Amino acid sequence: MLANDIIKNLAERLEAAEAERRHIGQFSHEFPEMSIDDSYAVQRAWLELKQARGGRLIGRKIGLTSKAMQYAIGIDEPDYGFLTDAMLFHDGVVIPKDRFIQVKIEAELAFVLGKPLSGPNCSIFDVLRATEYVTPALEILDARIIRMDPVTKRARTIVDNIADNASDAGIVIGGRPFRPTDPVDLRWVSALCYRDSSLEESGVAAAVLNHPANAVAWLANKLAIFGETLQPGEIILSGSFIRPVDIKSGNTVFADYGPLGTISCHFA
C-alpha cells in the first residue's frame, strides 16, 4: 500500500484539480507500483475530504459493467465511485460551462434504496426487495486525471480511473420512477441518447451484467469487504448501457427512455 501521507496528498490534488477545473498528471505514471487497493484508498480519502468540508454522501456509481469495457481496460470486474449532494442535478438543468473539465454523458438506471443493503452474498433478489424505486438517469463523467498524456500519449489506467472517483462527476435524475414490482422488465429498458438533434447512442439495460440489479448486488458485496452497508435513500447508479458521448459547451443532451420518460440537460 502507498503510505498514508501519499494517499492524502493524492486526494488533495484531485480536490484542487476539480475546484480549479484543470487536469493533473496520471498517478499510475508517478507511482508505477500503485494498486487497485491504493486507488480505492485515495478515493475514500477524497470523499472524506469532501465530507469534512460539508459534503454529504448520497449514493454510489458503478462503472465498467460491460465485458467490452473490462477487456479494453484489462480488468475482470466493475469499479465504483461516490455520489455527493453537490453532484445531483434534476431534469432540464442548465449546467454552467465552467463546472466541469472534459465532459462525457452516459445513460443508466438509478436504484433508490428503501432498505439497507449489504453483503456478503447479496443477490439480485435482495436488491429488488431493498429498492424503493428505479428511475432513468444520466451520468456526467469528467477527468480530473488526464485521460491521455499529451507528451507520452500514455492512456490512464484502471488505478487512475478508480482514484478519480471512477470518472464520476454528476448525475441527472429524470423520467418516470417505477417500482421493481411494476410490470417493467429491467433487462429490456432501453434509451436513445441525443446530442442536440443527433442520435448519438442507444442501448438496453441488459448490457449491464445481464441485469442492472446484478451490478447493485456486486457493489453491496464489494463494500462489505470494508464493513460498509448501502443505506436507505441512497442512489445507486447501476452502470451505463451506452458508450460515453462527448459533450462540449453549448450542447443539449436528451435521453428518451420510451414509456419511462425522458431526461434533458444543457451545458451552457
Per DSSP helix of 4 or more residues, -39500 (n - 2.57); summed, then divided by the residues of the chain. What does that give at 222 nm, rounded to the nearest 500? -8000 deg cm²/dmol
Evaluate E = 1/(1 + (r/R0)^6) for Glu12 and Glu132, where r is the Cβ-Cβ distance and R0 equals 30 Å; express this FRET efficiency to the nearest 0.05. 0.25
Using the Karplus equation 6.51 cos²θ - 1.76 cosθ + 1.60 (θ = phi - 60°), what ³J(HN,Hα) coupling, rounded to whole Hz, does each residue of the stretch 190-199 give in order, writing x for Gly and Pro? 10, 9, 10, 10, 9, 10, 6, 9, 9, 6
Which far-off residues, 5 or more places away or on another chain, put their amide H under 5 Å from the one on Tyr194, with H placed in the peptide plane? Glu200, Phe254, Ala255, Asp256
Put in order of increasing Cβ neighbours within 10 Å, starting from the fewest, Tyr194, Tyr257 give Tyr194, Tyr257
When the convex hull of its Cα atoms is projected in every direction, mean area for the chain (nm²): 13.4
Calculate the translational D of the stretch 39-151 in whole µm² s⁻¹ from Stokes-Einstein, where the hydrodynamic radius comes from the Kirkwood formula applied to all Cα pairs, the temperature is 4 °C and the viscosity 1.567 mPa s. 78
Neighbour-count order for Glu30, Glu201, fewest beta carbons within 10 angstrom listed first: Glu30, Glu201
What is the sum of charges, Lys and Arg at +1 and Asp and Glu at -1, for the other residues whose Cβ falls under 14 Å from the Cβ of Asn9? -4
Ranking of Ser202, Ser249 by count of other Cβ atoms within 10 Å, fewest first: Ser249, Ser202
Surface/4 of the Cα convex hull for the stretch 5-101, nm²: 7.8
Could you pull out the pairs from Lys67/Lys97; Lys50/Lys97; Lys50/Lys153; Lys50/Lys222 whose alpha carbons sit more than 29 Å apart here? Lys67/Lys97; Lys50/Lys153
Just need the relative contact order of the chain here, percent rounded to a whole number, with Cα pairs under 8 Å and 6+ apart. 27
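Coordinate-derived values only; no laboratory data. Note that the coordinates shown come from a computational prediction; the quantities given were computed from them, not determined experimentally. Note that we place each Cβ from the backbone using ideal geometry, even for glycine, and neighbour counts take in every protein chain shown.
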